[in-house]
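Have a look at the structure below, then the notes.
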Amino acid sequence: MTYDLIVIGTGPGGYVCAIRAAQLGMKVAVVEKRKTHGGTCLNVGCIPSKALLHASEMFEEASHDLPALGVVVGKPKLDLAAMMKHKADTVAANVNGVAFLLKKNKVDAHFGTGRIVAPGKVEVKADDGSTKMLETKNVVIATGSDVATLRDKNGQPIAVDEKVVISSTGALDLGSVPEKLVVVGAGVIGLELGSVWRRLGAEVTVIEYLDRILPGMDSEIVKQFQRMLEKQGFAFKLASKVTDIVVTGDAAKVSFEPVAGGETQTIEADRVLIATGRTPYTQGLGLEEIGVAMERVRIMIDDHFATNVAGVYAIGDVVRGPMLAHKAEDEGVAVAEILAGQHGHVNYGVIPGVVYTSPEIASVGATEDDLKAQGVTYKVGKFPFTANGRARAMRKADGMVKILADAATDRVLGAHILGFGAGELIAEACVLMEFGGSAEDLARTCHAHPTMSEAVKEAAMAVDKRAIHI
C-alpha cells in the first residue's frame, strides 16, 4: 500500500497533521516509537506537569488560603500516591483520546522507530527488531525534542540517572517530596516543576546561567514575577554556571561559580533537576543519508515546511521557531493543507507563550525589550490586578496586564499578563493581533463585569491614558 502521507511522530504536531490530512481526503499513516501516542507533551511534558501543577496549587490553597475565605478544613495531608494517580489518569485519558481520533479519521498507526531510507520510503523498526517498509508520496517529520545535555567544567556530559539527578521526566514521577531540590535552569520547565515541589514542601534553589529568569519574556513582568517567587520561598543564583554535580548515595553536591568568574560554591540537594532546555530529536531518521539540509541539529525548511529533499517536510521542535506544542499544531495543520493544494499558513508573530506557575505569565508578540532594540516608537498601557474587583474577590490580585501599541498606528504589537488565569486571558489579545487590531479596538470592546478580563480592557485604555480604575 502506498500512502499519500506518512507522519513520523505523534506528538501535538504529528497527530494534528495526520488528522487534518485525513480530513482533506488523504490516505495517511503515522509512525510512533512510543507505545502510546501524544509525544513528550501528552506523556511526560505539558499534560502531566499541568496535572501536578493544579493538584499542588490546590494543596497549597488548602494549606494557606482557605481560612481567609472562611473555609476551615484543618491542616491538609499530602497523599502523593493519589496525586500521581491523578496525573497518570489525566495522561491516559489524553493519549487514549488521540488514539481514538486517529482511528476515527482512518489513520493507520505503525509503532516502532521510523527511518527515511529514500524519498517515499520509510522503514519502521519494531521493539522486537522486526522491520517493515512503507511507501508514501510525502513524509512529514514531527519527532519533537529531547532533554538538552548539561556539561561539567571539563565539557563532559553530566549523567542523568532519573534518581538523584533528574530530567523533567523524572521530576514528574518522584516517589517522595525532596527536602532540598536544586533546579538548573530558570526557564519555563524549571520554574513550573520547581513550583510543584516547592508547594509540596521542598526547599528550592534555582541556578541560572543568565542574569535573569525566563529569557525572552518581558523584563518588567519577569522582575515582578521573580519577587513573587522569592516570597513563595524560591532562592535564585543568577549569572551562575554549574561546574560539577557529584552524586553520593541518595544525595548530590552541586558546584557552581559566577559566570563572570569568581569563587566556586557548593550546595547540597536530595534531587537535582536539569532544566537547561531541549534539543531537536533528529538522530536516526536517515536525514544525513538522504541529504536533508541541517542547521546544526535543526532541519532546514522553506516557507512551506519543505526540506531540500522532494517530498520530505518537517514541523514542530525539529525546525526553527519556539518549541511549543501549539506552534507545532498550527504547523501540522498548515503543511497538511499545503499538501492538499490549499494555502496553509502560520502567523509566527502571534504565538502565545505561557508559564503555568502561580501566578501564571502569558505573553504574545513583541516585548518592550524587543521594541527598544528594534527602534520602534511605542505606547504602553498597564493595569494592576489589585485594581480589579474580581481579582480582589478571589484573593488573586497579584500581577498586571501590559499592552504595547505602535505610537503612530495604535496597532497592538505585544501583550503580557502576569496573574491568575493569564494563560486564558491572553487569548483575546491573540485574536485582536491576528486581525491587526488596535488598543482602541480592545478598549472599546465591552467586557463582562466583574471579570479578570476587565484588566485587559483597562490596560488597552491605559495606552491612551484613559484607564478608569487607576
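The values are calculated or read from the model by the stated rules, or taken from the named source; none is laboratory data. Owing to the predicted nature of the structure, the values given are computational and were not obtained by experimental measurement. Glycine also receives a Cβ, built like all others from the backbone with ideal geometry; neighbour counts cover every protein chain displayed. Each accessible area value is taken on the protein alone, full model and side chains, heavy atoms only, with ligands, DNA and RNA left out. Shrake-Rupley method; radii C 1.70, N 1.55, O 1.52, S 1.80 Å.
Values computed for the structure shown
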| item | result |
| --- | --- |
| Among residues of the range 94-118, those that are of a type in the set (Gly, Ala, Ser) and touching a His at 6+ places or on another chain (Cβ under 7 Å), counted | 1 |
| Subset of the range 359-386 (residues that are among the small types (Gly, Ala, Ser), open to solvent by 20 Å² or more (accessible area, probe 1.4 Å) and out of contact with any Leu (no Cβ under 8 Å at 6 or more places or on another chain)) | Ala373, Gly375 |
| Filter pass, Thr36 being under 25 Å from the mean Cα position of the chain (by Cα), among the hydroxyl-bearing types (Ser, Thr, Tyr) and not in a helix (DSSP H, G or I) | yes |
| Residues of the range 387-416 satisfying the condition of being of a type in the set (A, V, I, L, M) and buried (at least 18 other Cβ atoms within 10 Å of the Cβ) | Ala391, Ala397, Met400, Val401, Ile403, Leu404, Ala405, Val412, Leu413, Ala415 |
| Options Val196, Val254; residue that is modelled with pLDDT of 95 or more and assigned to a strand (DSSP E or B) | Val254 |
| Residue in the range 418-428 that is buried (at least 22 other Cβ atoms within 10 Å of the Cβ) and at positive phi present | yes |
| Leading residue by the ranking (farthest from Ala362 (Cα to Cα)) among those in the range 219-251 that are in a strand (DSSP E or B) and not β-branched (Val, Ile, Thr) | Ala251 |
| Filter result (closer than 14 Å to Lys121 by Cα and among the basic types (Lys, Arg)) within the range 285-318 | none |
| Search result, residues across the range 8-33 that are open to solvent by less than 40 Å² (accessible area, probe 1.4 Å) and not in a helix (DSSP H, G or I) | Ile8, Gly9, Thr10, Gly11, Met26, Val28, Ala29, Val30, Val31, Glu32 |
| Residues of the range 14-72 classified as closer than 30 Å to Glu337 by Cβ and hydroxyl-bearing (Ser, Thr, Tyr), total | 3 |
| Residue pairs meeting the criteria (Cβ under 9 Å; at least 6 apart or on separate chains; first closer than 15 Å to Arg151 by Cβ, in the range 245-260; second open to solvent by 40 Å² or more (accessible area, probe 1.4 Å) and of a type in the set (Asp, Glu)) | Val254/Asp244; Val254/Glu268; Ser255/Asp244; Phe256/Asp244; Glu257/Glu263; Val259/Asp211 |
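One line per residue, one yes/no per condition, for (1) farther than 27 Å from Gly353 by Cα; (2) touching a Leu at 6+ places or on another chain (Cβ under 8 Å); (3) of a type in the set (S, T, N, Q); (4) at pLDDT 95 or above:
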residue: Asn43; (1), (2), (3), (4): no, no, yes, yes
residue: Cys46; (1), (2), (3), (4): no, no, no, yes
residue: Gly70; (1), (2), (3), (4): yes, no, no, yes
residue: Val73; (1), (2), (3), (4): yes, yes, no, no
